[in-house]
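This report concerns only the one structure given below.
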Amino acid sequence: MKGTILATSTSSVEATSSYPDPCSWQTAMKRSVRSGKALCKRLELPELSHEPAESDFSVFAPLEYVARMEAGNPSDPLLRQVLSTTAESESTRGFLDPVGDLPSQRSNGLLQKYSHRALMITTGACAINCRYCFRRHFPYSDVPTGKAGWAVSLGEIAEDSSIEEVILSGGDPLTLADESLTWLVTKLNEIPHIRRIRIHTRVPVVIPQRVCPSLLSWAQDSSVPIYWVLHINHLNEIDRFVCDAVDRLRQTNTTILNQAVLLRGVNDSSSSQLELCKKLVDIQVLPYYLHQLDPVRGAMHFEVDNALARMIVECLRENLPGYAVPRLVREVSGEKSKSPV
Ligand SMILES: *Cc1c(COP(=O)(O)O)cnc(C)c1O
Ligand code: SF4
């Protein structure tokens, strides 16, 4: 992996490794690739993974996502997001809790950093493990999950009428069963001061069949508007299955936004970001945030310097309608909002 960090691929690769058989999203979770070794083998690559990094944060990638990687390409921008590498152990730079999640907990699993918005860690599970994840060291096992745990957070939210918006996050809330999500969304609808529900999720991108009738049913039934914030970093992540999933979500009459993380060797070029934003707008997903990396230990090799980040966004501004240009931000602990870069 060394020496080729800036060779960001910008071509759209459609399923070069074979697309897996259709299955339910639950089965897709179960049959995911769970080691760097298995991932390299599948992509006909020599062993590039670094097992010690996996004991700390495992490799996890569904076949639907792996199918969008180009076989034989060690620099594939999707592969780099999920494959463990020696770079993760080489540096001790970065923090275990880079954005001050732990001190901002109002109660176990309920985070509030900004006025009028509270964030619920609904689960520790994700449908993919992104190597740059800012919560890769988060002590999820301490967070109460399930209805009893959520009820405590809901009680807190119900008592504080300054909270207008609840963000369901994690982990990834769409790894929860629809029965649980129906319960949660119904409870939030019963709190009179809640004006918006926001769902931060990467699942529709990773396992598009997760946008299934039972999901659409609770989304449709919510009288409080739902805002979806997807997480797509590269054009190659958007295949036709993802386009269809977004179409299905849009039918619930919601607003769909995207946040991306600027990652060295993955999407750190003007052309890569331009292609991504154009495609997002094509499928009517608005680019919301472009995040500078949170300084989390084990991921500092993904860091892009501010000067390059600003240059990339300047290029977007010159070539896209204003609504298609994401806000370049960094999260600084203790600030009252995400900070513009
Ligand atoms: C990012 C974040 C939000 C949402 O911020 P917006 O600027 O409204 O998108 C809310 N709560 C927490 C804890 C966050 O980290
Ligand atoms: S999906 Fe989000 S929370 Fe889960 S590992 Fe990736 S970045 Fe982290």
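Each value in this text was obtained by applying a stated rule to the coordinates, not by laboratory testing. All of these numbers come straight from a predicted model, not from anything done at the bench. Neighbour counts are summed over all protein chains in view; Cβ atoms, including those assigned to glycine, are modelled from backbone coordinates with ideal geometry.
For the chain, build the charge dipole from Cβ charges (+1 Lys, Arg; -1 Asp, Glu) around the Cα centre, then report which of M69, T201, L45 sits farthest towards its positive end.
T201
Highest GNM mean-square fluctuation, the chain, Cα pairs closer than 10 Å: which of T252, T145, T92?
Highest fluctuation of the listed residues: T92.
Among S223, S75, S153, which one shows the biggest mean-square fluctuation in a GNM of the chain, springs joining Cα atoms closer than 10 Å?
Between S223, S75, S153, it is S223 that shows the largest mean-square fluctuation.
Taking the Cβ-Cβ separation of E190 and C212 as r and a Förster radius of 30 Å, what is the calculated FRET efficiency to the nearest 0.05?
It comes to 0.75.
Starting from the Cα-Cα distance between S55 and S18, subtract it from 0.36 nm times their residue separation and give me the gain in nm to one decimal.
10.5 nm
With a cut-off of 8 Å between alpha carbons and a minimum separation of six or more residues, what is the relative contact order of the chain in percent?
Taking the mean separation of contacting Cα pairs over the length of the chain, I get 19 percent.
Based on DSSP H runs of at least 4 residues, each adding -39500 (n - 2.57), what is the mean residue ellipticity at 222 nm of the chain after dividing by all its residues, to the nearest 500 deg cm²/dmol?
Here the helix-only value at 222 nm equals -8500 deg cm²/dmol.
HN-Hα J couplings of the stretch 180-194 from phi, Karplus 6.51/-1.76/1.60, θ = phi - 60°, integer Hz, Gly and Pro as x?
5, 5, 4, 4, 5, 5, 4, 4, 5, 4, 7, 8, x, 7, 7
Applying 1/(1 + (r/R0)^6) with R0 = 51 Å to the Cβ-Cβ distance of S35 and S162, what FRET efficiency is obtained, to the nearest 0.05?
0.65
Compute the convex hull volume of the Cα atoms of the chain, divide it by the residue count, and report the result per residue in Å³ as a whole number.
126 Å³
Could you give the nm distance between label points at Y140 and T92, where each point is 7 Å from its Cα heading toward the beta carbon?
2.8 nm
Among K37/K336; K41/K338; K41/K147; K187/K279; K37/K338; K187/K336, which pairs are too far apart, with a Cα-Cα distance over 31 Å?
Flagged as over cut-off: K37/K336; K41/K338; K41/K147; K187/K279; K37/K338.
Apply 1/(1 + (r/R0)^6) to the Cβ-Cβ distance of A125 and S223, taking R0 = 25 Å, and write down the FRET efficiency to the nearest 0.05.
0.35
Tell me, in nm to one decimal, what length is gained between S107 and S75 on full extension, where the rule is 0.36 nm per residue of separation less the Cα-Cα distance?
Stretched out fully, the S107 to S75 stretch lengthens by 7.4 nm.
Each residue of the stretch 60-66 in order: what ³J(HN,Hα) in whole Hz does its phi give by Karplus 6.51 cos²θ - 1.76 cosθ + 1.60, θ = phi - 60°, with x for Gly and Pro?
8, 8, x, 4, 4, 7, 4
Kindly write out, for the stretch 248-259 in residue order, the coupling ³J(HN,Hα) from the Karplus curve 6.51 cos²θ - 1.76 cosθ + 1.60 (θ = phi - 60°), rounded to whole Hz, with x marking Gly and Pro.
Using θ = phi - 60°, the values come out as 5, 4, 4, 5, 7, 6, 10, 10, 10, 10, 10, 10 Hz.
Relative to the longest principal axis of the chain, what angle (0 to 90°, nearest 10) does the C-alpha long axis of helix 306-319 take?
On a 0 to 90 degree scale, this one is about 80.
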